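Data block below; observations after.
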Amino acid sequence: MDAPVLEVHDLCVKRDDRVILQAEHLQVYRGEVLAVIGPNGAGKSTLLLVLSRLLTPDRGQIQFNGQSVYELNEVVYRRKIGLVLQNPLLLNSSVFDNVATGLRFRRLPGNEVKRRADTWLNNLGIAHLRRQRAGTLSGGEAQRVSLARAFAIQPQVLLLDEPFSALDAPTRARLIEDFHELLAATSITTVFVTHDLDQALYLGDRVAVLLDGRLCQVGPPQEVFSAPANPDVAAFVGVETVIAGQVVSSQGGQIGIQADVLQLEAVGEVVVGREVFACLRPEDITLLPCGERAGSDPSPKSSARNRVAGHIKRMIPHGPLVKVVIECGFPVVALITRSSANEMELEEGSPILASFKASAVHLIPR
Ligand code: ADP
Ligand code: MG
């Protein structure tokens with residue numbers, strides 16, 4: 001990660017007088033995969049359109065290798081960009097032609113066109129389909145053609161807009177695996193748009209969070225997922241418990257938080273008096289059957305555990321897990337295995353203790 005290949009400053013896009021995308025600053029470094037995540041309507045596709053120069057923003061600079069893209073010839077710039085969309089737009093001709101056409105446009109000699117097209121048909125496991133007409137392909141096969149076509153032109157930047165979203169789960173899983181390997185092998189600079197957190201975690205070297213047209217946070221996946229910048233990002237990345245409180249003690253990296261009648265412990269450096277949100281991921285919460293002493297631990301200095309008493313409000317199946325919503329004066333959401341829910345004989349209305357480590361609490365200023 002040295003110089004940025006793409007750099008965006010002070011970007012603003014409006015539609016019908018409404019701001020649909022705003023980003024103060026975004027960099028895409030050479031060789032990295034930047035995963036742009038956000039819910040439907042967040043502005044993700046708009047960002048890709050701007051980066052590919054298919055849409056001119058109302059304001060902002062976009063630099064490509066240090067030069068404004070608007071100073072570059074549009075065709076020259078587009079030829080450096082590989083674009084893959086959710087629904088691949090393929091030519092109504094053979095699979096081979098679809099991959100070869102972009103290379104012919106670039107006036108590569110015939111033998112080089114054939115060599116590169118064959119290489120990428122192989123890399124994407126679709127060499128056997130080379131003579132098949134694109135219109136007769138399955139969704140997964142068509143997306144493989146679209147990826148082969150984009151990789152084959154050896155773009156300086158690969159831009160992908162939810163490329164796996166329209167595929168069924170097993171097809172998607174296989175293609176994501178293959179795509180991950182190809183990205184690692186080529187080190188191509190990539191902007192990968194998705195609403196799927198797992199895909200972002202798996203593929204992204206860094207993650208950019210877009211919410212409601214605003215670029216809210218950019219950072220390594222683990223940082224964004226465990227230390228979201230604000231409550232909206234927290235909610236989007238699956239931090240389901242957000243407790244409002246105030247820092248009442250702070251010493252030696254141990255923080256005491258008063259949240260209504262409850263005392264919580266966290267770790268970090270936050271000054272006394274600061275109003276905060278204490279955020280918790282559901283997988284960091286352990287449930288204990290009631291009967292043990294409720295309230296905060298009797299010796300908070302010696303224990304890393306927080307304990308909060310409540311009763312179960314809802315139990316929602318979540319694959320092999322169960323999401324348990326607990327009312328503790330505020331909602332606390334835990335994710336536990338179905339078998340431990342059965343063992344503890346949990347049901348809606350049961351009294352319960354929710355327990356979590358001080359180190360699992362992430363504090364956001366409010
Ligand atoms: P995402 O890809 O994250 O789902 P989009 O970038 O497609 O979001 O859209 C962001 C917002 O901009 C949405 O609210 C959408 O309705 C609006 N929008 C997108 N394109 C247009 C358009 N051509 N005219 C008006 N509004 C648009
Ligand atoms: Mg979109």
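The values are calculated or read from the model by the stated rules, or taken from the named source; none is laboratory data. Since the model is a prediction, treat every value here as computed from it, not as a measurement. No Cβ is skipped: glycine too gets one built from the backbone with ideal geometry, and neighbour counts run over all protein chains shown.
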Restricting to segment 2-50, count the residues that are of a type in the set (Lys, Arg) and part of a strand (DSSP E or B). 3
From the set of residues in segment 51-70 that are within 16 Å of residue 28 (Cα to Cα) and part of a helix (DSSP H, G or I), which is farthest from ligand 2 (Cβ to nearest atom)? 69
The one condition in (1) within 26 Å of residue 167 (Cβ to Cβ); (2) touching an Asp or Glu at 6+ places or on another chain (Cβ under 9 Å) that residue 31 fails to fulfil: (1)
Can you find a residue in segment 17-35 that is more than 25 Å from residue 179 (Cβ to Cβ), among the acidic types (Asp, Glu), more than 16 Å from ligand 2 (Cβ to nearest atom) and in the same structural domain as residue 194 (by TED's automatic domain parsing)? yes
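If we keep just the residues of segment 183-196 that are within 19 Å of residue 167 (Cα to Cα) and in contact with a Pro (Cβ under 9 Å, 6 or more places away or on another chain), which is farthest from ligand 1 (Cβ to nearest atom)? Walk me through how you get there before you give the answer.
Here is the first cut: in segment 183-196, the ones within 19 Å of residue 167 (Cα to Cα) are 192-196.
When the remaining residues are screened for being in contact with a Pro (Cβ under 9 Å, 6 or more places away or on another chain), the result is 192-195.
Details: 192: 13, 193: 7, 194: 10, 195: 7 Å.
Among those residues, the one meeting the criterion is 192.
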Hits in segment 149-162 (condition: surrounded by fewer than 24 Cβ atoms within 10 Å (Cβ to Cβ) and within 13 Å of ligand 1 (Cβ to nearest atom)): 161, 162
Residue 131: in a helix (DSSP H, G or I) and either of a type in the set (Phe, Trp, Tyr) or away from ligand 1 (no atom under 16 Å from the Cβ) (or both), yes or no? no
Tell me, please, whether a residue that is assigned to a loop (DSSP other than H, G, I, E, B), more than 27 Å from residue 6 (Cβ to Cβ) and assigned by TED's automatic domain parsing to the domain that holds residue 167 can be found in segment 100-110. yes
Any idea which residue in segment 46-55 is surrounded by the fewest Cβ atoms within 10 Å (Cβ to Cβ), counting only those that are farther than 20 Å from residue 205 by Cα and within 12 Å of ligand 1 (Cβ to nearest atom)? 54
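I need the full set of residues from segment 323-348 which are of a type in the set (Gly, Ala, Ser) and either at pLDDT below 95 or part of a helix (DSSP H, G or I) (or both), in order please. Working first, answer last.
The initial filter retains those residues of segment 323-348 that are of a type in the set (Gly, Ala, Ser), namely 329, 334, 339-341.
329, 339, 340, 341 - these are the residues of segment 323-348 that are of a type in the set (Gly, Ala, Ser) and either at pLDDT below 95 or part of a helix (DSSP H, G or I) (or both).
Do you know which of the residues in segment 288-315 that are aliphatic (A, V, I, L, M) and modelled with pLDDT under 95 is nearest to residue 225 (Cα to Cα)?
Within segment 288-315, the match that is nearest to residue 225 (Cα to Cα) is 304.
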Mind counting the residues in segment 324-354 that are crowded, with 17+ Cβ neighbours inside 10 Å and touching a Lys or Arg at 6+ places or on another chain (Cβ under 9 Å)? 9
Of the residues in segment 234-253 that are within 29 Å of residue 31 (Cα to Cα) and in contact with a Leu (Cβ under 7 Å, 6 or more places away or on another chain), the one that is modelled with the lowest pLDDT is 238
Just one of the numbered conditions (1) away from ligand 2 (no atom under 16 Å from the Cβ); (2) exposed (fewer than 15 other Cβ atoms within 10 Å of the Cβ); (3) in contact (Cβ under 8 Å) with a residue 40 or more places away in the chain is not true of residue 82; which one? (2)
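Would you pick out the residues in segment 112-126 that are more than 9 Å from residue 95 (Cα to Cα) and in a helix (DSSP H, G or I)?
112, 113, 114, 115, 116, 117, 118, 119, 120, 122, 123, listed by residue number.
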